[in-house]
1. Being assigned to a helix (DSSP H, G or I) and either crowded, with 20+ Cβ neighbours inside 10 Å or basic (Lys, Arg) (or both): is that true of residue 246 here?
2. Would the stretch 52-62 turn up any residue that is in a loop (DSSP other than H, G, I, E, B) and over 25 Å from residue 152 (Cα atoms)?
3. So, in the stretch 314-326, how many residues would count as being over 26 Å from the mean Cα position of the chain (by Cα) and either closer than 14 Å to residue 361 by Cα or in a strand (DSSP E or B) (or both)?
4. Can you pull out every residue in the stretch 89-105 that is surrounded by fewer than 24 Cβ atoms within 10 Å (Cβ to Cβ) and in a loop (DSSP other than H, G, I, E, B)?
5. Is it true that residue 36 is assigned by TED's automatic domain parsing to the domain that holds residue 120, aliphatic (A, V, I, L, M), modelled with pLDDT of 90 or more and more than 15 Å from the chain's Cα centre (by Cα)?
6. For the stretch 399-426, give me each residue that is in a loop (DSSP other than H, G, I, E, B), crowded, with 20+ Cβ neighbours inside 10 Å and not polar (S, T, N, Q).
7. Residues to consider are 210, 202, 172; find the one that is in contact (Cβ under 8 Å) with a residue 12 or more places away in the chain, closer than 23 Å to residue 3 by Cα and part of a strand (DSSP E or B).
8. Have a look at 225, 214 and point out the one that is surrounded by 17 or more Cβ atoms within 10 Å (Cβ to Cβ) and over 26 Å from residue 23 (Cα atoms).
Amino acid sequence: MPTALIILAAGQGTRMKSDRPKVLHQVAGAPLLAHAMAAGAALTPERTVIVAGHGADAVQAAALDLDPDIALAVQTEQLGTAHAVAQAAPELEGFRGDAVVLYGDTPFIRPETLLAMAEARSRHAVVVLGFVAADPARYGRLVMQGDTLERIVEYKDATEDERAITLCNSGVIAAESAQLFELIAEVGNTNAAGEYYLTDIVALARARGVSAGVVICDEAETLGVNSRADLAAAEAAFQARARTRALDDGITLVAPETVFFAHDTVIGRDALIEPNVIFGPGVTVESGAHIRAFCHLEGCHVSRGAVVGPYARLRPGAELSEDVRVGNFVEVKNALLAEGAKINHLSYIGDATVGERANIGAGTITCNYDGVFKHRTEIGADAFIGSNTMLVAPVSVGAGAMTASGSVITGNVPDDALALGRARQENKPGLARKLFDRLKAQKANQKRD
């Protein structure tokens, strides 16, 4: 059956103490909203509607970056979850299929859990995602009669017996789209909070004689983010799962607790990751690569047999071919390093192509930016770039060519040529002593004054 997602992202998140909409705060380098959308993608939705409130323009812009076909609805007043879902009705008018309600601040619902809810829809008109809470606290309770969900009661409205129930409501609900909105239209606000609760549709469905059921997930999947402390806990939970998955996939993490992954990090088996490595978004590391300690990688690709670091930074567009060496205090940005190339220390290579087996000496800089435009540097195979060379782009160094240490290269260097771009050295006999004597005398006079 076709599926639509309704993702509620209207909460202000006042406990976050932030001008940024809550769902745009990040876990593992991606907004909370992106995590919810990624989970929902398992259902291959035909339509996705984001219900935004505070910061709707920013939420819409972020959502469109993730999915250009997404629709936005705005909840101008915070009147409860049923009211929020109702704002999506115009965007789903005429849709024939299931609607699944997710939450933009609940990033860890597993795709497998949503698929289980989709399967349960064959048996129940309304399916609710529940969990057994270690500490039920103020969660809504699921009141069951055998395998049938009779109603959901919010903590504020629950009796003492109902508060003793440990099966709790996650808020995630699936139902046929048209029926969902019909039930929402019947929801009242006579509860303790004076809000329109989405949870009330269960009792309304039962009153119609249609069934409601529950799919139970692990409590950790339902972790919601409402404060900075929750955000830190969500990050920690993500990282713990990512580290466990990496180890299970045959990746060596020397000190797992010090390695931080992004939401989309891809690492091949037998890769070795040393301590204190941070992966930003968009990183792929192939099997057998070695990332040494204290490296930061983002938007890059590291091929088999390459060694990076320690203390290296790979920025977006860095492409390292097989057996490349990038050493300590090297920064690479938007550059292709061909097989066997070496940049062992203290260099910046940006907007460049470095040929096979080329050797880049310490202190080399591709001067790629003129204050307005970026320009490229092309370095040929087997070239040798002497230490402290400034390559002023646009410029090319041919295959097998060499630059002398300390050179400023402003013109193209032919294949197999030696380029020297430095001033001729002159020695002035005795001048150093004269200068020192003069400076020392000036210093002595200053002290007397």
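1. Yes; evaluated as a whole, the condition is true for this residue.
2. At the first step, the residues of the stretch 52-62 found to be in a loop (DSSP other than H, G, I, E, B) are 54.
Now restrict to residues that are over 25 Å from residue 152 (Cα atoms): 54.
Yes.
3. Of the residues in that region, 1 qualify.
4. 93, 94, 95, 96, 97
5. Numbers: assigned by TED's automatic domain parsing to the domain that holds residue 120: yes; aliphatic (A, V, I, L, M): yes; modelled with pLDDT of 90 or more: yes; more than 15 Å from the chain's Cα centre (by Cα): no.
Judged against the criteria, residue 36 is not a match.
6. First, pick out the residues of the stretch 399-426 that are in a loop (DSSP other than H, G, I, E, B): 399-401, 404-407, 410-412, 414-417, 420-426.
Adding the requirement that they be crowded, with 20+ Cβ neighbours inside 10 Å leaves 401, 407.
Result: 401, single match.
7. Working: 210 fails: part of a strand (DSSP E or B); 202 fails: part of a strand (DSSP E or B).
Exactly one residue qualifies, and that residue is 172.
8. Working: 225 fails: over 26 Å from residue 23 (Cα atoms).
The conditions single out 214.
The values are calculated or read from the model by the stated rules, or taken from the named source; none is laboratory data. What you are looking at is a predicted structure, and each value in this text was computed from that prediction instead of being measured. Neighbour counts run over all protein chains shown; Cβ positions are idealised from the backbone, glycine included.
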